[in-house]
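Structure first, then comments.
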């Protein structure tokens, strides 16, 4: 069974997933928040997911950031829509900066819109890898 991670944003949701053996975290796609529920229902018809991991936006002092309320609502709906799948959260404070750095080092040249989507999927991958590292995968 896979683990799926989300970098939630009000404009885009970056998604990453593990392989079925939960060894490798891979960027999957970016989905508009309005489309996420249909996307997940379709995905779950084909693949088994054991855990959803959501990046929780925190401020430097560890308190919730302004966007945390959106993430809490997203997590609540995940639990309601998919009650058999565990939902976990991971501190995502530095994921976007790390993602930008990884992309810059890769030498990829993308237009601005593609770049934001790429940052979101790479951020989701970092969130997923962080979760896997803390769980000892």
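Would you point out which residue out of 3, 23 is at pLDDT 90 or above and touching a strand residue (DSSP E or B) at 6+ places or on another chain (Cβ under 9 Å)?
One residue alone meets the criteria, 3.
Between a residue in the range 66-87 that is within 16 Å of residue 51 (Cα to Cα) and any residue that is modelled with pLDDT of 90 or more and assigned to a helix (DSSP H, G or I), which pairs come within a Cβ distance under 6 Å, given they are 6 or more apart or on different chains?
87/75; 87/78; 87/79
One line per residue, one yes/no per condition, for (1) modelled with pLDDT of 60 or more; (2) in contact with a strand residue (DSSP E or B) (Cβ under 9 Å, 6 or more places away or on another chain); (3) within 20 Å of residue 18 (Cα to Cα):
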position	(1), (2), (3)
80	yes, no, no
96	no, yes, yes
106	yes, no, no
111	no, no, no
117	yes, yes, yes
123	yes, yes, yes
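Take residue 49 and tell me if it is touching a residue at least 60 places away in the same chain (Cβ under 8 Å) and under 17 Å from residue 86 (Cα atoms).
The answer is no for residue 49.
Among the residues of the range 32-47, write down those that are in contact with a strand residue (DSSP E or B) (Cβ under 7 Å, 6 or more places away or on another chain) and either modelled with pLDDT of 95 or more or under 11 Å from residue 78 (Cα atoms) (or both).
Residues satisfying the conditions are 36, 39, 47.
Can you run down the residue pairs with Cβ atoms below 6 Å, 6 or more apart or on separate chains, where the first is in the range 23-36 and over 11 Å from residue 6 (Cα atoms) and the partner is not in a strand (DSSP E or B)?
25/125; 25/128; 25/129
The values are calculated or read from the model by the stated rules, or taken from the named source; none is laboratory data. Keep in mind it's a predicted model, so treat the numbers as computed, not measured. Virtual Cβ from ideal backbone geometry, glycine too; neighbours counted across all protein chains shown.
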